[in-house]
1. Kindly provide the helix-only [θ] at 222 nm of chain A, computed as the sum of -39,500 (n - 2.57) over DSSP H runs of four or more divided by all residues, to the nearest 500 deg cm²/dmol?
2. Straight-line reach from A:LYS162: which lysines fall under 23 Å, measuring Cα to Cα and dropping same-chain residues less than 8 apart?
3. If I histogram all Cα-Cα distances within the range B:61-103 using bins 10 Å wide from 0, what percent of pairs lands in each bin?
4. What Rg and what Dmax come out for the range A:293-466 when only alpha-carbon atoms are used, in angstroms?
5. Roughly speaking, what is the stretch gain from A:LYS308 to A:SER187, that is 0.36 nm per residue apart minus the C-alpha to C-alpha distance, in nm to one decimal?
6. Using the Kirkwood radius built from alpha carbon pairs, what does the Stokes-Einstein equation give as D for the protein assembly as shown at 4 °C and 1.567 mPa s, in µm² per second?
7. With labels modelled as points extended 7 Å from the Cα through the Cβ direction, what inter-label distance (nm, one decimal) is found for A:GLN467 paired with A:HIS165?
8. For the pair B:LEU13 and A:LYS406, what calculated FRET efficiency results from E = 1/(1 + (r/R0)^6), where r is the Cβ-Cβ distance and R0 = 60 Å, to the nearest 0.05?
Amino acid sequence: MTTLTTLAYLVASVLFILALRGLSHPETSRRGNLYGMIGMAIAIVATLLRPGMDLGGIALIIAGLVIGGGIGAYVAGRIQMTALPQLVAAFHSLVGMAAVFVAAAAFYSPESFGIGVRGDIKGASLVEMSLGLAIGAITFSGSVIAFLKLDGRMSGAPILFKGQHMLNAGLGVLLLVLVIAFVATGSDFLFWMIALLSFALGFLLITPIGGADMPVVVSMLNSYSGWAAAGIGFTIGNLLLIVTGALVGASGAILSYIMCKGMNRSIINVLLGGFGADAGGAAAAGGAAADRAPVKAGSPEDAAYIMKNAQKIIVVPGYGMAVAQAQQVVREMADLLKKEGADVSYAIHPVAGRMPGHMNVLLAEANVPYDEVHELEEINPEFADADVAYVIGANDVTNPAAKTDKSSAIYGMPILDVERAKTVFFVKRGMASGYAGVENELFFRPNTMMLFGDAKKVTQEIVQALQR
Amino acid sequence: MNPNVIAVEAQALADRAQALALHARAMADTVAPVAAAAEPFLLLLTIFLLACFVGYHVVWSVTPALHSPLMGVTNAISSVIVVGAILAAGLAESGVARFFGFLGVMLASVNIFGGFLVTRRMLAMFQGKKKG
């Protein structure tokens, strides 16, 4: 590697760090993104200028950049913000697959990366190569499953079968054995066997995980894509790949941690999957318990009347709002209420939506000012003086059982204290339990009014009633 | 003491010293390539670990509201793997390796452009939307 290239890679690394740094505040974030783009451009140009590149190769590279870049730009420009989680999952799968291809290229042409000659690659490089290959392949197939689940092309329900964890553990051990054999022999066959087995493992690891655990899965795959890049960086001895891979890996790991903490579950518990699958039946059966107070259902007109007279209103959006595409009409409702003199803010639970920060993006898209949108710790004390909590498309994250009922599946999960508001409106299609399969006792409280119906339709009717 | 005996003993001692020295030399020779191979790896590992720490601190300072754009950016920059793919496509002797390199460049480019552009779209929504 020439000194100049190394220097360019160093500059790119620093620009990538600044790109992440910029995200500490919405005002500086766009500049951060620009730094990232410049860093990437520097990295690509510096690599293209390496001595030894022939014209045919450069043509091939530019063709790849143009085709891939065209597809990427097209998709990024057209994607709906509600579909963001599946887009990100799809993108992760591409990084994983690219890692597999680069590992394969390094395996078939080790001379180009100075790690030995074909058929006689250094042992250490083979270890690093198999790591990059395995993580890349797991990232690929895992992300494909995550994509299919998030996009609704595959059931979001956890898919479990007997002996699943034993099978996964067995395959994990087999993978380790294959890696050792591969390092010892450097055989072509074993290289592809590692790839195949890792594809299978990624597939099996993600299928048992249910829809609402997807924020953790997406974060984790984000982390994996970073580790895959770092693994390839070690293989080909490239500093930029190692630094960037570490940044991305750390970022994804932190997001996974935050998401797990938001659900009070360990990452192991999430990965074992099947959450809420068996509790669902029991809760549905117990749903009609006779000793419950009757549920109070109201009309959008009632809700509009109460909100018109409210001083402080907190909106609690969840994934249901995104599904119903109700964010725009929620903002319209908030605008009308603000005109009536009410103070409107939004409370976002860490695991609301299908990826970290998903709700914030959807609200921002609907032109909700970001300083009206608050995180859990910030807003929780404010529910006590709120006149109205408007829960739209959220359920488990408001369930007070998480604080009181030790036997509950969600016990210990931090929740939004909507129960403290004078009146709680629950916009919901029916009485079904949330993802955790736990019934929400809030539905039966005297200060709760259920607004049954589609989130968008109900909110629209409230808007109409407010305009009257 | 007989000078002859001393001379013989001294000779024996000298021989043993020489044997030991040779032995040490042989051992050093076997270790040297391992150490030489380990050194660049340790350097890379050092950089990797330090970068993990930098990532850890920088990412904790990201505001939770921007966690989705954070994923967009990290996704885009993780496609820096394109560097490896470019080297393969442009330098490799074998056609197979070049082809893999080309595929790698193509997939990573989808991410580079897609990742940065979708992040830009997201961030534009947050921009300049303060209250009032």
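Taken together, the values in this text are just the output of simple stated rules run on the coordinates, not laboratory data. Just so it is clear, the structure is predicted and the values come from calculations on it, not from any experiment. Here Cβ is always computed from backbone atoms with ideal geometry, including for glycine, and neighbour counts include all displayed protein chains.
1. Dividing the helical sum by the residues of chain A leaves -19500 deg cm²/dmol.
2. Result set, ordered by chain and number: A:LYS149.
3. Reading the bins upward from 0: 28, 30, 20, 16, 6.
4. Every Cα atom of the range A:293-466 included, Rg and Dmax give 14.5, 45 Å.
5. 36.2 nm
6. D = 50 µm²/s.
7. 5.5 nm
8. 0.15
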